[in-house]
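One structure is given below, encoded as structure tokens.
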Amino acid sequence: MTEEEKTVSPGGERVQKRCPDWMEDVPEAVEAMNNEGDWEFTPCSIEEMMWMPYYCDEKSCQCWHESWAGYGWEIEKGKVLMTEWTCDSDGDWDCGYATYYTEDPDYCEKGWDRLSEDSIKAEESYLADVKETKEDPLGYWLSEERFQRFLSEDEED
Ligand SMILES: [Zn+2]
């Protein structure tokens, strides 16, 4: 070990090379990573997630559902894993996908941008459907007055 390497703060250099930026501010995560330990963060409420309405195609259902999506992180024996979570309006949580940070740092870093685009698209298709059916099954509008105003707005373009 060179003199220079010795003076690097715990987790400093090493962490930055292999980890997402947020990890610098989470000492427990840095420690787990540097000591091949375990650490875990999972989103625990929908406030930490992105709203994502979706139309359910199942024969018995054929309706809109609300869901939320977000990310968690795990460190398993020093390896950093990003986990993708969804939660629906029944309160069912599911971890659908996980990616090692080292395998695809770009995918992991842009997670929230991706979710935000997906959420905007999902919202647009919900609003388009509301306009067509004149129904608001998810209770998007808090007041009937606002809802009626939305329905009576002229179609843009
Ligand atoms: Zn359904």
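So, Asp38, is that one without any contact (Cβ under 8 Å) to a residue 40 or more places away in the chain and either among the hydroxyl-bearing types (Ser, Thr, Tyr) or within 16 Å of the ligand (Cβ to nearest atom) (or both) or not? No. In this structure, does Trp68 turn out to be within 27 Å of Glu124 (Cβ to Cβ), without any contact (Cβ under 8 Å) to a residue 24 or more places away in the chain, in contact with a helix residue (DSSP H, G or I) (Cβ under 7 Å, 6 or more places away or on another chain) and among the hydrophobic types (A, V, I, L, M, F, W, C)? Answer is yes for this residue. The single condition among (1) touching a Lys or Arg at 6+ places or on another chain (Cβ under 9 Å); (2) within 17 Å of Met50 (Cβ to Cβ); (3) surrounded by 16 or more Cβ atoms within 10 Å (Cβ to Cβ) that Tyr107 does not satisfy is (3). With respect to the conditions (1) touching a residue at least 12 places away in the same chain (Cβ under 8 Å); (2) under 27 Å from Glu135 (Cβ atoms), Asp90 falls short on a single one, namely (1). Here the helices (runs of 4 or more DSSP H) wholly within region 81-157 that include at least 3 residues being β-branched (Val, Ile, Thr) are 111-133.
Number of residues in region 44-59 that are within 16 Å of the ligand (Cβ to nearest atom) and over 16 Å from Ser116 (Cα atoms) equals 5. Can you name the residue in region 60-77 that is more than 16 Å from the ligand (Cβ to nearest atom) and assigned to a strand (DSSP E or B) and is also farthest from Lys134 (Cα to Cα) among such residues? Result: Glu76. Here Tyr126 meets each of (1) among the hydroxyl-bearing types (Ser, Thr, Tyr); (2) surrounded by 17 or more Cβ atoms within 10 Å (Cβ to Cβ); (3) more than 16 Å from the ligand (Cβ to nearest atom) with one exception, condition (3). Candidates Glu132, Glu84: the one that is charged (D, E, K, R), without any contact (Cβ under 8 Å) to a residue 60 or more places away in the chain and touching a strand residue (DSSP E or B) at 6+ places or on another chain (Cβ under 6 Å) is Glu84.
Looking only at region 129-151, residues that are within 19 Å of Met52 (Cβ to Cβ) and either surrounded by 12 or more Cβ atoms within 10 Å (Cβ to Cβ) or among the aromatic types (Phe, Trp, Tyr) (or both) come to 7 in all.
Just so you know, all these numbers are worked out from the coordinates, no wet-lab data involved. Owing to the predicted nature of the structure, the values given are computational and were not obtained by experimental measurement. Note that we place each Cβ from the backbone using ideal geometry, even for glycine, and neighbour counts take in every protein chain shown.
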